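The values are calculated or read from the model by the stated rules, or taken from the named source; none is laboratory data. This one's a predicted model, so the numbers in the text were calculated from it and none came from an experiment. We place every Cβ from the backbone using ideal geometry, glycine too, and count neighbours over all the protein chains shown. What goes into the accessible areas is simple: the full protein's heavy atoms, side chains included, and nothing from ligands, DNA or RNA. Shrake-Rupley method; radii C 1.70, N 1.55, O 1.52, S 1.80 Å.
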Amino acid sequence: EDAAAQLVRASEVLELAPDPDPELRTELLLELGEAQTRASRYEAAREAFRRAGSLARSRGDGERFARAALGFSELREAGVVNRELIAMVEEALEGAGAEEGPLRARLLSALGAEVYWEDPSRADALSAQALAMARRIGDDRGIALALITRQFVAGNDPQGARQRLDEAREMCELAKRM
């Protein structure tokens, strides 16, 4: 809570500057969103990530836009399809291009988790794609995120249960390495 309060003050001070550095403002808003999330101030966190995303978009900063989308995605609600979040993550994926990388893998996981409530098969495919990519590039954090998403979206049939069990074991092994 203290970090969030300090970041709010820093943001207010920066807004008073005659020509605030947009990169610094975006970075500050990303940090603020993370601090608000940790402080369980979810609506304030969403707003910080929205603002960071808007600033990043206006400057053509795809990396920070993707980070804003990922931060926003951590605030999803079970059983609710958030069209704003889906649009933001899809836009971030388009901006990231087809090249494999940690941000792309994590965005695929985020999108998979969000679309689950309206299209479980798409969610399964996106999370499988994210997991495969994270494994190929050796991104342990991306692997962890994809495995967590897979636990949620993988099929509920016997094959899906077996797959989730195998992936849960992989999560345990990954946790030991990290």
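For this structure, a couple of remarks:
- Each residue in region 161-174 was checked for being under 10 Å from A144 (Cα atoms) and open to solvent by 70 Å² or more (accessible area, probe 1.4 Å), and 1 of them qualify.
- Region 109-121 residues that are within 15 Å of R83 (Cβ to Cβ), paired with ones that are among the hydrophobic types (A, V, I, L, M, F, W, C) and assigned to a loop (DSSP other than H, G, I, E, B) (beta carbon under 6 Å, 6 or more apart): W117/V81; E118/V81
- Count of region 37-55 residues, restricted to those that are open to solvent by 10 Å² or more (accessible area, probe 1.4 Å), under 24 Å from G97 (Cβ atoms) and not polar (S, T, N, Q), is 2.
- Hits in region 61-120 (condition: under 11 Å from the mean Cα position of the chain (by Cα) and among the charged types (D, E, K, R)): R67, E74, R76, R104, R106, E114
- Test: residue in region 25-36 that is in contact with a Leu (Cβ under 7 Å, 6 or more places away or on another chain), open to solvent by 50 Å² or more (accessible area, probe 1.4 Å) and in a helix (DSSP H, G or I): yes
- Subset of region 59-110 [of a type in the set (D, E) and closer than 16 Å to S127 by Cα]: E74, E90, E100
- Residues located in region 56-101, provided they are open to solvent by less than 40 Å² (accessible area, probe 1.4 Å) and under 22 Å from R136 (Cα atoms): A66, L70, V89, A92, L93, G97, G101
- Filtered residue count, region 113-153, keeping only those that are among the polar types (S, T, N, Q) and either surrounded by 21 or more Cβ atoms within 10 Å (Cβ to Cβ) or at pLDDT 95 or above (or both): 3
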